[in-house]
Amino acid sequence: MTLPRPRPAPARCLAVVCPGFSAERRRRQPWHVADGIAAGLAGLGHEVRLLTDMAGPPPSAPYRVERLGRLITRSGAASPELRSAVAGVEQVFLVTGAFQLTRLRRLELGAPVALVMASPRLHLREFLGRLTLAMLWRERHLLALPLLNALLPGAALRAGFARSGAREIVYLSPSARERFTALGLPPGKLLLPQADPAAIPPPAPQRDDPVTIGYFGPALSLRGADLVLVAFEAAVARGLDARLLLLLRPDGGHAALRHLLQRIADSPQRHRIGRRLEMLPADLLRQELARCHVFLLPFRVTVSEVPLAVIEACLSGRPTIVLDTPGVGEIARALGGTVVRTPDELAGALLEATSRPHASPRDPAVWTDWRRAAAPLLEPATGLARYRLVALTGVDGSGKTFLLQRLSARLAAAGIPHRHVWSRFRNYLSKPFLALARLSGHNRKEEQAGVRIGYHDFAGRPWLAWPFLCLQVLDNLLDLWWRYRCRSDRRLVLADRCLYDTLVDLAVDTGLDEVIFGRLGRRLVSLLPGPALVVVLVRPVAEIRESRPDVLLDRNFARRRALYQRLARELGLAVLENEGPPDAVLDRLEQLALAPLQPGAAP
């Protein structure tokens with residue numbers, strides 16, 4: 001008996017819009033992702049329609065496929081047919097690429113739109129450094145669009161997103177999310193593509209001599225098909241006793257296929273190479289892959305995000321070797337694959353992989369469940385992903401830099417793009433004033449126990465305190481503009497010392513506490529990117545003395561601690577005790593990030 005799908009309360013009406021979707025493309029990107037999103041949301045009990053401009057629903061699809069004559073007009077606006085088809089829909093997922101994004105106009109679909117970014121963001125040097133001119137020309141029909149995407153300026157991408165009226169972007173790999181966010185697109189959400197459990201090769205056969213190295217995919221240089229031959233020949237020359245099985249798809253173009261077949265015919269190891277040239281059905285492909293002991297998939301560049309072959313190969317439990325290519329390397333690492341930086345390292349990796357004992361296949365649950373993967377697409381962003389800035393403030397020795405480094409590792413593991421900003425003593429217009437104050441003895445340094453400590457003796461001297469405060473305000477306005485405002489970068493900022501710490505420094509230097517912690521300070525910190533999570537770190541003096549004894553030599557140390565406490569009170573900042581294991585402290589920080597955003601705080 002077939003159990004009914006669970007229906008959430010309440011079930012929602014959703015649409016996935018994907019150009020060019022058809023049954024025979026279901027195992028290729030980006031159509032695999034469109035199918036997965038639709039199936040995952042339908043599996044959660046929602047009513048899902050997949051709208052495309054090609055006929056042919058996939059077999060046994062748990063969603064309805066509707067064919068429209070046109071999805072997006074030549075001007076970049078939604079077609080009348082598409083607007084009519086999504087009437088009454090509560091949310092739309094539109095599969096698009098970078099170039100298509102720059103051409104979008106106001107979609108006006110009557111529902112929130114999430115753009116699914118299906119194209120990678122590669123750098124021009126990644127093409128020119130890995131592909132020869134002959135390869136570029138031979139495979140130009142596939143590389144033209146990725147090359148164009150690599151040249152698109154961030155301003156064009158930002159303008160297209162703003163015009164479209166879309167609410168957010170869904171990225172398919174951590175590297176794409178990092179690179180597009182650095183160009184000014186919103187961080188959005190990360191959706192890791194899932195594999196079909198039935199397509200994962202069965203466990204590897206008992207290893208014998210010779211072992212079998214497997215490659216499956218089109219005969220393309222961009223996929224590294226020629227690198228497989230070079231690495232195999234080099235490994236055999238170094239003593240590897242192995243066979244090579246090439247399962248080649250014929251859809252990569254005649255020129256590329258002829259070139260590879262000639263290369264196989266000329267290989268000194270051609271008697272060790274078996275090949276099969278046809279579009280194999282999924283069950284036959286799985287049978288052929290079951291013969292392999294090691295997979296070699298050295299993508300030079302990717303045309304679409306996160307090749308499905310890498311996920312399936314790694315989930316089989318076999319050693320899988322790839323080049324460190326965006327959208328490939330991070331996925332292979334997460335699944336226990338072998339990632340090498342250059343093609344010259346492939347032969348050595350083959351030798352190592354073939355001598356490695358059998359490994360148990362990875363638990364496929366995290367990579368084969370579209371329902372689990374798609375569920376967060378309907379949920380609002382939570383935790384640190386909601387913020388533009390996370391700032392840790394506190395006296396020297398409180399652990400700001402150390403904790404932010406640990407937090408950076410956490411964010412990287414979660415696929416949240418971020419950058420580190422350290423800002424203190426940003427004296428631009430103040431430098432001439434400080435030079436004069438040094439001549440007068442009011443800007444001086446003392447040396448204690450071999451540690452030089454600087455002091456600004458402006459407190460109680462309004463003729464020094466007020467000019468310095470005014471110049472510092474101008475300096476910090478310049479610094480705010482340079483570090484935060486003039487950049488289109490939308491990555492989360494991890495602020496290790498920022499304007500809040502500068503306010504404490506200014507209060508110590510000038511004694512103008514009431515002014516600094518009043519309207520002036522509030523106005524300055526309001527210019528930082530928002531929404532912001534700002535936390536004052538508090539650490540026991542005994543622990544500071546143990547890790548940073550030099551900090552306690554500052555004659556103003558006690559006053560600084562008191563000022564940070566006042567800063568938290570006056571500006572309503574959270575206070576975090578930095579006691580216990582660092583991971584426990586970061587757990588408490590993430591709990592603070594779950595609190596509701598302040599009214600009016602907008603990303």
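The values are calculated or read from the model by the stated rules, or taken from the named source; none is laboratory data. Since this is a predicted model, take the numbers as computed values, not measurements. Here the Cβ is made from the backbone with ideal geometry for all residues, glycine too, and neighbour counts use every protein chain on show. Ligands, DNA and RNA are stripped out before the accessible areas are found, and what is left, the full protein with its side chains, is counted by its heavy atoms. Shrake-Rupley method; radii C 1.70, N 1.55, O 1.52, S 1.80 Å.
Tabulated results
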read-out: Simple label model, 7 Å out from Cα along Cβ direction - GLU543 to GLN405, nm; value: 1.7 nm
read-out: Rg(Cα) / (2.2 N^0.38 Å) computed for the stretch 448-519, rounded to two decimals; value: 1.33
read-out: Probe 1.4 Å - accessible area at ARG300, Å² to nearest ten; value: 20 Å²
read-out: Cα-based Rg of the stretch 261-311 normalised by 2.2 N^0.38 Å, two decimals; value: 1.38
read-out: Probe 1.4 Å - accessible area at ASP241, Å² to nearest ten; value: 70 Å²
read-out: Within straight-line cross-link reach of LYS431, lysines at Cα separation under 22 Å, skipping those fewer than 8 residues along the same chain; value: LYS445
read-out: Cβ-based net charge around VAL65, under 12 Å, with every Lys or Arg adding one and every Asp or Glu removing one; value: +1
read-out: Whole-Å semi-axes of the ellipsoid equivalent to the stretch 300-368 (Cα gyration tensor, √5λ, descending); value: 18, 18, 7
read-out: Alpha-carbon spread of the stretch 103-166, three principal axes, descending order, Å; value: 47, 20, 15
read-out: Electrostatic dipole magnitude of the stretch 536-599 [Cβ: Lys, Arg +1; Asp, Glu -1; Cα centre; debye, to 20]; value: 480 debye
read-out: Placed amide H near SER119: partners under 5 Å, 5+ positions off or other chain; value: ALA98
read-out: Largest-first principal axis extents, alpha carbons of the stretch 30-153, Å; value: 49, 33, 23
read-out: Note, ³J(HN,Hα) from phi for the stretch 111-124, Karplus 6.51, -1.76, 1.60, rounded to Hz, x at Gly and Pro; value: 8, x, 10, 10, 8, 9, 7, 8, 10, x, 10, 9, 9, 4
read-out: Stokes-Einstein D in µm²/s, Kirkwood radius over Cα pairs - the stretch 198-246 at 25 °C with 0.890 mPa s viscosity; value: 201 µm²/s
read-out: Given charges at beta-carbon only (K, R positive; D, E negative), |dipole| of the stretch 45-195 in Debye; value: 420 debye
read-out: Candidate residues THR342, THR325: accessible-area rank, largest first, probe 1.4 Å; value: THR342, THR325
read-out: Selection from PRO582, THR132, PHE295, by position along the positive dipole direction of the chain (Cβ); value: THR132
read-out: Two-decimal Rg/Rh across the stretch 363-450, once Rg and the Kirkwood Rh are taken from alpha-carbon atoms; value: 1.25
read-out: Among LEU248, GLY20, ALA78 - extreme Cα towards positive end, dipole of the chain, charges at beta-carbon; value: ALA78
read-out: The stretch 455-566 - convex hull of the alpha-carbon atoms, volume per residue in Å³; value: 120 Å³
read-out: Long-range Cα-Cα pairs in the stretch 316-467 (distance over 27 Å), rounded percent; value: 58 percent
read-out: Helix-only CD estimate at 222 nm, as mean residue ellipticity for the chain, using -39500 (n - 2.57) per DSSP H run (n ≥ 4); value: -11000 deg cm²/dmol
read-out: P(r) weight above 22 Å for the stretch 149-304, C-alpha pairs, percent; value: 55 percent
read-out: Kirkwood-Stokes translational diffusion coefficient of the stretch 126-228, alpha-carbon pairs, 10 °C, 1.306 mPa s, µm²/s; value: 91 µm²/s
read-out: Cα centroid separation - the stretch 435-450 against the stretch 26-96, whole Å; value: 69 Å
read-out: Value of Rg/Rh across the stretch 218-315 [Cα atoms, Kirkwood radius]; value: 0.94
read-out: Tilt relative to the chain, helix 499-510 - C-alpha long axis, 0 to 90 degrees, to 10; value: 20 degrees
read-out: Reach of LYS189 by Cα under 13 Å, taken over aspartates and glutamates that are not fewer than 8 positions away in the same chain; value: GLU168, GLU178, GLU379
read-out: Kirkwood hydrodynamic radius (C-alpha pairs) into Stokes-Einstein, the stretch 437-489, 4 °C and 1.567 mPa s, D in µm²/s; value: 97 µm²/s
read-out: Shape box of the stretch 381-523 [Cα atoms, principal axes, largest first, Å]; value: 52, 37, 25
read-out: For the stretch 185-195, 3J(HN,Hα) per residue [Karplus equation, 6.51 cos²θ - 1.76 cosθ + 1.60, θ = phi - 60°, Hz, x = Gly/Pro]; value: 6, x, x, x, 10, 10, 10, 7, x, 10, 9
read-out: Share of alpha-carbon pairs per 20 Å distance bin for the chain, given as whole %; value: 17, 42, 30, 11, 0
read-out: Solvent accessible area, Å² - LEU227, 1.4 Å probe, full protein context; value: 20 Å²
read-out: Chymotrypsin sites (Phe, Trp or Tyr not before Pro) restricted to the stretch 338-427 and DSSP loop, no more than 12 other C-beta within 10 Å; value: PHE425
